[in-house]
Each structure stands twice: as C-alpha cells, then as structure tokens.
C-alpha cells in the first residue's frame with residue numbers, strides 16, 4: 001500500500017484532491033440496462049467499483065423534480081441554527097466555538113456536503129487548514145474513493161494504488177467520512193424512475209411533433225410524377241408540420257391503442273407517476289411537491305407531517321454525526337471544543353396565531369408568568385424606570401373625583 005505522497009511538506013498540508021488524478025465523469029446515455037450494470041459493479045463483493053454508478057447519478061440529477069426533492073432534504077438541515085452547548089448546562093452557549101466554527105462559511109458547506117451522503121450513500125469530506133484553522137472544506141472525488149476498504153486511489157482506474165484514509169497520516173486527521181460502506185444512497189432507487197420519465201418525455205415530445213400541429217395530406221394523380229414532386233416540395237416549404245403525399249384513391253389512417261383514450265394523457269400520467277415515486281423516496285409523500293387531485297388541506301397537512309418526521313430523523317442523525325465524527329477531528333486539530341456538544345437550536349414551527357390561541361386557552365386554566373408572553377411573542381417589556389405622569393391618567397375626574405374623564409385628549 002502506498003503512503004500519502006507528500007501530503008505534508010513542512011507545515012503546509014496538501015489537499016487530497018490536489019494529489020489524486022481526477023477524471024471528468026462521462027455524460028453517457030442511460031437506460032435500465034446501464035442502471036443494472038452500474039448496480040452490479042458497485043455491489044461486487046471482490047472488486048467493488050462505483051464509477052458507473054456515480055456517472056449515472058451525475059446524469060440523472062439534471063432532472064428538475066429530483067433536484068428539488070434532494071434540495072429539500074439538504075435545506076431542512078442547513079436552514080436550521082446549530083449551537084454548541086457546554087456539558088451540564090443546557091442554557092450556556094459557547095461563544096468561542098460559535099465564532100471559530102459555527103459562524104464560519106466552511107461549517108455551512110460541511111453540512112451541505114454531509115447531507116449529500118443521503119443521496120449518494122457516502123461522502124469523504126476534507127477539512128483544509130490554513131494558519132492553524134480550517135479555511136474551507138472539499139469533497140474528495142467520489143470515483144477515487146472505495147468506502148468498502150476505507151481507501152482513496154490515486155487514479156480512478158487503478159483502485160489498488162492509494163492510501164487508507166482512516167490510518168494514513170496526516171490525511172486521516174483531516175478526512176471526515178459520512179455514510180456507510182454498503183450504502184448507495186437514495187439515488188439508487190430514484191434512478192429507474194428518472195430513466196422511465198425521460199423515455200416518457202421523449203415519446204411525448206415525438207407525439208407532440210407528429211400530432212401537435214395539423215397533419216396535412218396532399219393527393220396527386222398516380223400517373224403524374226411531376227405533380228407529385230411539386231406537391232411534395234410545396235408542402236415542405238409550408239412549415240414544419242407533418243405531411244404526407246399520397247396518390248388519389250389511397251388513404252392514411254391513424255389508430256390509437258384500444259382503450260387508451262387520449263393518447264397524450266398516457267405520457268403525462270407516466271411522468272406524474274415517476275415524479276410521485278421520486279417524491280416518496282426522498283420525502284415520504286407527494287403533496288408537498290405536487291398538487292393532489294383532491295386538493296384537500298387536511299390531506300396536505302398529513303403529508304407535511306410525514307415530511308417533517310423525516311426531517312426530524314435527519315436532524316437527530318446529523319447531531320450524532322457532528323458530535324461523534326466531526327467533533328473528535330476538531331479536538332485533535334486543537335479546537336477548544338471539549339466539554340460540550342453540538343445541537344440544533346429548538347425551533348417552534350407552530351404559526352404565531354396558533355401559538356396565541358393555545359397560550360390563551362392555557363392561561364384561562366392556569367396562571368402563566370408574564371415573562372412568557374414577552375419572550376414567546378417578542379413583545380418589548382415596558383421600561384419600569386419611567387413612571388406614568390399623574391396628569392396623563394384618564395382615570396381621575398377633572399374635578400378631582402374618581403371615574404373616567406368626560407373629555408378625551410386631542
């Protein structure tokens with residue numbers, strides 16, 4: 001096994017992607033046969049190779065619907081605020097860690113790359129240092145990584161020459177592994193539906209080309225070849241709509257498949273079905289990305305609850321990763337991060353009007369400290385140092401008696 005090739009010269013760390021040979025993944029035509037071949041190559045017990053699978057993945061993620069649902073899984077993590085709390089004191093947020101880690105651009109990028117493992121199954125993320133601190137992060141080229149052997153190859157075509165990213169120093173200090181060795185990601189299931197969807201779109205486009213514009217039929221005397229030629233040239237010059245030149249006495253018939261009804265709707269239904277399956281793979285439901293046939297608000301809320309449950313599961317798993325995978329790496333690099341843990345800040349996703357309704361109902365049964373109202377609903381507390389002017393007190397009668405004033409101030 002080769003050691004890291006000059007991974008550290010003096011105090012300068014050379015990123016792995018600067019040492020390995022990276023080849024651009026090919027944008028080849030994909031079909032179900034290619035999908036099966038890619039899976040077989042990746043699952044090969046003796047010689048697992050994921051390059052074909054990653055070529056397939058990078059091809060299908062150009063699909064708009066797939067891009068959307070993948071982004072929803074990622075943003076559910078990246079748009080939440082992460083804090084670092086000290087052990088034994090849930091309310092004490094470590095400002096030093098916030099400044100050195102949480103509010104650095106690299107930390108946001110790290111979370112995005114870590115979530116990509118949900119789709120791809122694996123991600124090897126490199127922490128790239130500068131002047132003793134992490135400056136940025138980068139994803140080690142997936143085609144060069146063999147998760148089953150904890151191995152990074154110098155060249156994707158030769159997976160035997162490289163280094164073990166768990167054992168080899170100093171690279172192992174800066175490499176963070178996300179995902180399992182046998183996990184191929186949600187794109188494995190989604191790929192087939194994108195392939196079927198593309199085929200349906202292609203047939204739909206062909207159907208539109210043939211029948212989207214009026215079809216023209218030109219008839220000529222079967223014994224007059226000159227007329228046939230001129231008729232064909234004339235129809236061709238009239239535009240891109242389909243046409244046929246046939247002899248008088250003949251006909252053209254178009255037949256739809258039995259029971260198919262509107263042929264165009266077949267393609268639309270296929271595309272919609274594939275989109276629905278992709279949504280269910282990533283989000284567990286469909287109504288947060290597509291409009292349902294019934295359009296019921298209650299049904300949409302149920303589907304949103306399912307998506308939220310998946311989001312909570314992602315947050316729990318992400319917290320484990322930050323505390324058990326990233327945190328030891330940061331400690332080893334000298335970050336003052338011992339004696340605490342990462343966690344998501346609690347967010348109240350209940351709409352404000354519903355919060356008020358619930359709070360009022362609770363307040364009608366049990367007393368609620370006034371500080372709750374100020375903190376929960378963002379109402380500024382009155383300045384107790386400012387006393388009300390008795391002259392402005394409308395509760396006193398102008399004549400000195402009690403009761404409301406008979407005149408209102410202008």
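Residues checked against (1) over 26 Å from residue 118 (Cβ atoms); (2) modelled with pLDDT of 90 or more; (3) in contact with a helix residue (DSSP H, G or I) (Cβ under 6 Å, 6 or more places away or on another chain):
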site	(1), (2), (3)
283	no, no, yes
292	no, no, no
296	yes, no, no
307	no, no, yes
345	no, no, no
358	yes, no, no
366	yes, no, no
Could you tell me whether residue 152 is surrounded by 18 or more Cβ atoms within 10 Å (Cβ to Cβ), over 23 Å from the mean Cα position of the chain (by Cα) and in a helix (DSSP H, G or I)? no
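With the condition kept exactly as written, say whether any residue in segment 208-217 is in a helix (DSSP H, G or I), more than 21 Å from the chain's Cα centre (by Cα) and surrounded by 19 or more Cβ atoms within 10 Å (Cβ to Cβ). Let's see the steps before the verdict.
In the first step, residues of segment 208-217 are kept if they are in a helix (DSSP H, G or I); the result is 208-211.
From what's left, more than 21 Å from the chain's Cα centre (by Cα): 208-211.
Okay, now just the ones that are also surrounded by 19 or more Cβ atoms within 10 Å (Cβ to Cβ), so none.
No, segment 208-217 contains no residue that is in a helix (DSSP H, G or I), more than 21 Å from the chain's Cα centre (by Cα) and surrounded by 19 or more Cβ atoms within 10 Å (Cβ to Cβ).
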Can residue 160 be described as free of Cβ contacts under 8 Å to residues at least 24 places away in the same chain, more than 19 Å from residue 22 (Cβ to Cβ) and surrounded by fewer than 18 Cβ atoms within 10 Å (Cβ to Cβ)? no
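Yes/no per residue for (1) closer than 26 Å to residue 313 by Cβ; (2) surrounded by fewer than 18 Cβ atoms within 10 Å (Cβ to Cβ); (3) touching a strand residue (DSSP E or B) at 6+ places or on another chain (Cβ under 7 Å):
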| site | (1), (2), (3) |
| --- | --- |
| 51 | no, no, no |
| 57 | yes, no, no |
| 75 | yes, yes, no |
| 82 | yes, no, yes |
For segment 101-119, what are the residues that are part of a helix (DSSP H, G or I) and out of contact with any strand residue (DSSP E or B) (no Cβ under 9 Å at 6 or more places or on another chain)? 108, 112, 119
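Quick one: which residue in 39, 77 is in contact with a helix residue (DSSP H, G or I) (Cβ under 8 Å, 6 or more places away or on another chain), under 30 Å from residue 345 (Cα atoms) and in a helix (DSSP H, G or I)? Spell out the reasoning first.
Values: 39 fails: under 30 Å from residue 345 (Cα atoms).
Just one listed residue meets the conditions, 77.
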Given (1) at pLDDT 70 or above; (2) surrounded by fewer than 16 Cβ atoms within 10 Å (Cβ to Cβ); (3) assigned by TED's automatic domain parsing to the domain that holds residue 208, number of the condition residue 262 does not satisfy: (1)
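State whether the residues of segment 165-174 include one that is under 18 Å from residue 56 (Cβ atoms), touching a residue at least 12 places away in the same chain (Cβ under 8 Å), in contact with a strand residue (DSSP E or B) (Cβ under 6 Å, 6 or more places away or on another chain) and not in a strand (DSSP E or B).
Applying the first criterion (under 18 Å from residue 56 (Cβ atoms)) to segment 165-174 yields none.
No; the residues of segment 165-174 include none that is under 18 Å from residue 56 (Cβ atoms), touching a residue at least 12 places away in the same chain (Cβ under 8 Å), in contact with a strand residue (DSSP E or B) (Cβ under 6 Å, 6 or more places away or on another chain) and not in a strand (DSSP E or B).
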Filter result (closer than 18 Å to residue 176 by Cα and in contact (Cβ under 8 Å) with a residue 60 or more places away in the chain) within segment 316-340: 318, 321, 322, 325, 326, 329, 330, 332, 333, 334, 335, 337
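Quick grid of which residues meet (1) in the same structural domain as residue 159 (by TED's automatic domain parsing); (2) at pLDDT below 90; (3) over 24 Å from the mean Cα position of the chain (by Cα):
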residue	(1), (2), (3)
1	no, yes, yes
24	yes, yes, no
35	yes, no, no
53	yes, no, no
65	yes, no, no
70	yes, no, no
Residues satisfying the stated conditions in segment 76-112, i.e. within 21 Å of the chain's Cα centre (by Cα) and in contact (Cβ under 8 Å) with a residue 40 or more places away in the chain: 76, 77, 80, 81, 82, 110, 111
When segment 222-247 is examined, which residues are found to be outside any helix (DSSP H, G or I), exposed (fewer than 12 other Cβ atoms within 10 Å of the Cβ) and at pLDDT 75 or above? 223
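The values are calculated or read from the model by the stated rules, or taken from the named source; none is laboratory data. This one's a predicted model, so the numbers in the text were calculated from it and none came from an experiment. Every residue, glycine as well, gets a Cβ built from its backbone with ideal geometry; the counts of neighbours run over all protein chains shown.
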